[in-house]
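J.: Below is one structure. I have some questions about it.
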Amino acid sequence: MKYGLIGRKLPHSLSPLIHTKTGALPYELCELEPECVEEFFKKREFDGINVTIPYKTEAFRLCDELSPLAKRIGAVNTVVKRCDGTLYGDNTDYYGLRCMFEKNGISPRGKKVLILGTGGSSLTAHAVLEDLGAGQIVYISRSGENNYSNLHLHADAAVIVNTTPVGMFPDKIKDCPVDLDMFPECVGVVDLIFNPLNTALVLEARKRGIKATGGIMMLVRQGFRAAEQFLNCSYTEEEMVTAEQEVLETVENIVLVGMPGCGKSTLGCLLAEKLGREFIDTDSMIEEKYGNIPDIFAHHGEEYFRCLESDAVFEASIKQGKIIATGGGAVLREENRRYLHHNSRVVFLNRDINALPKDGRPLSQGDNAIEKMYQKRLPIYRQTCDFEMQVQNDITENLNNLLNLIKE
């Protein structure tokens, strides 16, 4: 292996994508069990590696020489094999995490900060917070003196940093490590998780007007700092910002919401073809598993259908880099609105209700049914979306407008 990433489980790593931007290639993923890590370091069959959960403190122990920053932190995420065969360990996570605070306007200076978790990443977080002038820094663990059963003792915390896997894809994506209602003075949330792009914690913070960021910036920035050591080069701020944008464009879904018949499926399919992405239609997902939607309504009722729809929305939304068309009522459930924002930008396709078809759409039948539905749903569509687009009669014009919108 020339360059790569070691960790225990790496099926959804974005590091290979990031290093197509840095030029540190070929870049491989290497999953190791704990008993294999020391032997891997002894063989030294690499030029440079990144290290992720749970081996950052182990890498610290196994390097021949450490940077001053790595020594201070006690954890290593970047290892370079030097010309004499010795291993030099550094912590480029520090730079990435510091950027997350500074670029997102989250200042811990003079404030009480909670670090959730006590692993290798928490050590990096502590060093960054110290250097940014944090007041009191408190570790929260499952069983230590300060734990999740006595969080009320820290209701005055102003910044919360999550270094745990709670909220991470796939198993914990619905989970939130703390209830933010317990922290009325909180003004900033930093979550190191990058998959999903926006964890439940980040979404809950933003819903309350709290500045919050996920870990994608940290991931990209630490990768570029690591590559500088791998390749003995340097990158400009502009190059790193461009890479962040390109990585986001690659992994972020585009979700289309709107009234039944507004053109979500048609436009979504055309957009996917234009961008070379996979197209997913949540209504089609339901029909493939359970049969015709009007029949589901007729035999089981709307509530039963909405449960199936929530399952489909969740399954689609945890994917990355897709174009997704949702059913007209998918935004009605708060949980669905949260799912859609885990990995996606949401576009509301707003079409003149007089142009909306009724055939084959159970809830569009009856006098003034569409008008009543539109009035009820309009504020929810607007609350959910990141962008709103007025749908015209010309499909080519609509596609061009949509392309321009998502490129903004």
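The values are calculated or read from the model by the stated rules, or taken from the named source; none is laboratory data. Owing to the predicted nature of the structure, the values given are computational and were not obtained by experimental measurement. Cβ coordinates were reconstructed from backbone atoms using ideal geometry, including for glycine residues, and neighbour counts include every protein chain displayed.
J.: Yes or no: residue 266 in contact with a strand residue (DSSP E or B) (Cβ under 6 Å, 6 or more places away or on another chain) and among the hydroxyl-bearing types (Ser, Thr, Tyr)?
T.: On the way: in contact with a strand residue (DSSP E or B) (Cβ under 6 Å, 6 or more places away or on another chain): no; among the hydroxyl-bearing types (Ser, Thr, Tyr): yes.
No.
Let's see how each residue does on (1) free of Cβ contacts under 8 Å to residues at least 60 places away in the same chain; (2) within 27 Å of residue 248 (Cα to Cα):
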| position | (1), (2) |
| --- | --- |
| 306 | yes, no |
| 342 | no, yes |
| 368 | yes, no |
| 387 | yes, yes |
| 406 | no, yes |
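J.: Shifting gears a bit: Here are some residues: 86, 20. Which one is outside the structural domain of residue 164 (by TED's automatic domain parsing), surrounded by fewer than 21 Cβ atoms within 10 Å (Cβ to Cβ), within 25 Å of residue 240 (Cα to Cα) and of a type in the set (Val, Ile, Thr)? Give the derivation first.
T.: Working: 86 fails: within 25 Å of residue 240 (Cα to Cα).
From the options 86, 20, the qualifying one is 20.
J.: Separate question: Scan region 340-359 residue by residue and report those that are at pLDDT 95 or above and outside any loop (DSSP other than H, G, I, E, B).
T.: Residues satisfying the conditions are 340, 344, 345, 346, 347, 348, 349, 350.
J.: I've got another one for you. Which is within 22 Å of the chain's Cα centre (by Cα), surrounded by fewer than 22 Cβ atoms within 10 Å (Cβ to Cβ) and assigned by TED's automatic domain parsing to the domain that holds residue 185, of 103, 112?
T.: Among 103, 112, only 103 is within 22 Å of the chain's Cα centre (by Cα), surrounded by fewer than 22 Cβ atoms within 10 Å (Cβ to Cβ) and assigned by TED's automatic domain parsing to the domain that holds residue 185.
J.: Kindly indicate whether any position in region 215-232 is touching a residue at least 40 places away in the same chain (Cβ under 8 Å) and over 23 Å from residue 102 (Cβ atoms).
T.: yes
J.: Counting only residues that are at pLDDT 95 or above and under 30 Å from residue 69 (Cβ atoms), give me the strands (runs of 3 or more DSSP E) lying completely in region 192-293 with at least 2 of them.
T.: Strands (runs of 3 or more DSSP E) meeting the threshold: 211-213.
J.: I'm told residue 57 meets every condition in (1) within 21 Å of residue 15 (Cα to Cα); (2) surrounded by 18 or more Cβ atoms within 10 Å (Cβ to Cβ); (3) polar (S, T, N, Q) except one. Can you identify the failing condition by its number?
T.: (2)
J.: While we're on this one: If we scan region 282-290, do we find a residue that is under 30 Å from residue 16 (Cα atoms), in contact with a Gly (Cβ under 9 Å, 6 or more places away or on another chain) and outside the structural domain of residue 198 (by TED's automatic domain parsing)?
T.: Initial filter on region 282-290 (under 30 Å from residue 16 (Cα atoms)): 282.
In the following step, the residues that additionally are in contact with a Gly (Cβ under 9 Å, 6 or more places away or on another chain) were identified as 282.
Filter once more, so that each one left must be outside the structural domain of residue 198 (by TED's automatic domain parsing): 282.
The answer is yes; a qualifying residue exists.
J.: Please go through region 301-345 and give me each residue that is among the aromatic types (Phe, Trp, Tyr) and crowded, with 23+ Cβ neighbours inside 10 Å, ordered by number.
T.: 339
J.: If you check 316, 312, which single one turns out to be modelled with pLDDT of 95 or more, assigned to a helix (DSSP H, G or I), touching a strand residue (DSSP E or B) at 6+ places or on another chain (Cβ under 7 Å) and small (Gly, Ala, Ser)?
T.: That would be 316, the only listed residue that is modelled with pLDDT of 95 or more, assigned to a helix (DSSP H, G or I), touching a strand residue (DSSP E or B) at 6+ places or on another chain (Cβ under 7 Å) and small (Gly, Ala, Ser).
J.: Does region 268-283 include one or more residues that are charged (D, E, K, R), surrounded by fewer than 19 Cβ atoms within 10 Å (Cβ to Cβ), under 30 Å from residue 93 (Cα atoms) and free of Cβ contacts under 8 Å to residues at least 24 places away in the same chain?
T.: no
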